[in-house]
Amino acid sequence: MNRAQPAPSAVVVGGGILGSLSALALSRLGIDTRWVGPREPAQRDDAAQARAYALAPSTVRLLERLGVWGHLIDTAQPVVRMEISQVAPRARFDVLAADLGEPALAQMVVHADLMAACEATVEAGVSGLQRTEAPLAESDLIGFRDNLAHRPLGASLVVAADGAQSVLRRRSGLLWSRRDYGQQAVVAAFRTEQPHGGVACQWFGPAGILALLPLRDPQVVSMVFSVGHATAATLMAASPQDLAARIGSESGHRFGELQALSEPTAVPLVMIAVNRMVAGRMALVGDAGHTVHPLAGLGLNLGMQDLLALEAQLLAAQTTQGVKGFDPGAGRILRAYACNRAVAVPTVQWGLDALYRFMSSSLPGLPAARAWGMQAIHSLKGST
């Protein structure tokens, strides 16, 4: 006599953006889902609240489908043109949304607004989704690694969306590496003298890689400046006036004079890579499985692609087995997900790593060839 199959269920661990979206996606597939997602503090240690994301069209479509985009539409800023420049020798590569037949190359949103939209969607009520705001306790993780092939955390499927310092990744026994770029990303917001017009700009210069990204206010931009530790310390210690003057100079006063609107924050830049995005019945998504250099703004979008790939495998299994008859943590589902990400993730990670080193190199002859690098950056953006 066949034993009854346990009811399909999933546990999503991680209180951030990928955690909330993973919980929404699984529950909308009819999977009973528990989201272990403590609310983010008002000020995170990595100052992520002020970070701006360039959401790729595929990411926006996912947010629309999950019911999140409606909470964001009044705060998002479409990017209609990208200007990618190198400082010496001078060169520029422009990409226009109109040339690609798109209404926008990306949508700029601030982390705090995106997180608030995710929370609002969950709070509006989603069938089959339960929220646990308390973090996992040490007692919850006893025997976690040994139980990965069975029902880890009491679920058929565990989705680890608990960030770059992922506890679940560390407890699973997966092999992973950490590559330090010797840089920090310094983030701040500025008011511009001239309207930004929905233009995103990036400069490769001697000091580092500077990006000014348009926000919803027509005269406010978000800065991400990837620089060495010494330069980061100088920027962090500068007065608001000196910081604005420095960034104005580094950007060639593209938007006129600048006025600092926030104190700068900085986070070290590292690349985290895992040998496999799956361990037993656990799948990694987002920063739990990978981090990348921010030069192309692909970090969050790459995590969204993880979620889309996992969702696609679950949906395919449902199509053949029925919503009530399938096991969301079945080996064939997670093997297919792992195979998909085993190609896609390293392609982006090592592609960006190579581009960073190529664009930052001072070897003779390379500066003149960087137009290729700038076009490659756009190609990688388009891949998400």
Could you figure out which of (1) more than 18 Å from the chain's Cα centre (by Cα); (2) crowded, with 22+ Cβ neighbours inside 10 Å isn't true of Arg276? (2)
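Filter segment 136-155 for residues that are touching a Gly at 6+ places or on another chain (Cβ under 7 Å) and either more than 16 Å from Leu26 (Cβ to Cβ) or at pLDDT 95 or above (or both) and give the result. I'd like the intermediate steps shown before the answer.
Here is the first cut: in segment 136-155, the residues touching a Gly at 6+ places or on another chain (Cβ under 7 Å) are 145, 148-149, 152.
Within segment 136-155, Arg145, Leu148, Ala149 qualify.
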Only one of Ser249, Ser262 is among the hydroxyl-bearing types (Ser, Thr, Tyr) and either surrounded by 17 or more Cβ atoms within 10 Å (Cβ to Cβ) or in a helix (DSSP H, G or I) (or both), namely Ser249
Suppose the filter is of a type outside the set (A, V, I, L, M, F, W, C), surrounded by fewer than 15 Cβ atoms within 10 Å (Cβ to Cβ) and part of a strand (DSSP E or B); does Asp180 pass it? yes
Hey, Leu24 hits all of (1) in a helix (DSSP H, G or I); (2) surrounded by fewer than 24 Cβ atoms within 10 Å (Cβ to Cβ); (3) modelled with pLDDT of 95 or more but one; which does it fall short on? (2)
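Using the structure shown, decide if Ala117 is of a type in the set (Gly, Ala, Ser) and buried (at least 20 other Cβ atoms within 10 Å of the Cβ).
Values: of a type in the set (Gly, Ala, Ser): yes; buried (at least 20 other Cβ atoms within 10 Å of the Cβ): yes.
Yes: the conditions hold for Ala117.
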Out of (1) surrounded by 16 or more Cβ atoms within 10 Å (Cβ to Cβ); (2) of a type outside the set (Phe, Trp, Tyr); (3) under 30 Å from Ala344 (Cα atoms); (4) touching a helix residue (DSSP H, G or I) at 6+ places or on another chain (Cβ under 9 Å), the odd one out for Arg254 is which? (3)
List the residue pairs whose Cβ atoms are under 6 Å apart, where the first residue sits in segment 84-104 and is in a strand (DSSP E or B), the second is of a type in the set (Lys, Arg), and the two are 6 or more positions apart or on different chains. Ser85/Arg92; Gln86/Arg370; Leu96/Arg81
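Conditions (1) over 16 Å from Gly297 (Cβ atoms); (2) out of contact with any helix residue (DSSP H, G or I) (no Cβ under 7 Å at 6 or more places or on another chain); (3) hydroxyl-bearing (Ser, Thr, Tyr); (4) surrounded by 23 or more Cβ atoms within 10 Å (Cβ to Cβ), marked per residue:
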| residue | (1), (2), (3), (4) |
| --- | --- |
| Ala52 | no, yes, no, yes |
| Thr59 | no, no, yes, yes |
| Trp69 | yes, no, no, no |
| Asp74 | yes, yes, no, no |
| Pro78 | no, yes, no, no |
| Glu83 | no, yes, no, no |
| Phe93 | no, no, no, no |
| Ala98 | yes, yes, no, no |
| Val109 | no, yes, no, yes |
If you go through segment 148-196 one residue at a time, how many are more than 14 Å from Pro268 (Cβ to Cβ) and β-branched (Val, Ile, Thr)? 4
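Just name the residue that is farthest from Phe225 (Cα to Cα) out of those in segment 321-335 that are modelled with pLDDT of 85 or more and surrounded by fewer than 19 Cβ atoms within 10 Å (Cβ to Cβ).
Asp327
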Against the conditions (1) surrounded by 13 or more Cβ atoms within 10 Å (Cβ to Cβ); (2) under 26 Å from Tyr53 (Cα atoms); (3) touching a Gly at 6+ places or on another chain (Cβ under 8 Å), where does Glu133 fall short? Just the number, please. (1)
Collect the residues in segment 152-168 that are surrounded by fewer than 21 Cβ atoms within 10 Å (Cβ to Cβ) and in contact with a Ser or Thr (Cβ under 9 Å, 6 or more places away or on another chain), keeping them in residue-number order. Gly154, Ala164
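Which residue, of Asp162, Asp146, is over 23 Å from Arg51 (Cβ atoms), part of a loop (DSSP other than H, G, I, E, B) and among the acidic types (Asp, Glu)? Write out each step before concluding.
On the way: Asp162 fails: over 23 Å from Arg51 (Cβ atoms).
Just a single option satisfies the conditions, and that option is Asp146.
The values are calculated or read from the model by the stated rules, or taken from the named source; none is laboratory data. In this text, all values refer to a predicted model and were calculated from it rather than measured experimentally. We place every Cβ from the backbone using ideal geometry, glycine too, and count neighbours over all the protein chains shown.
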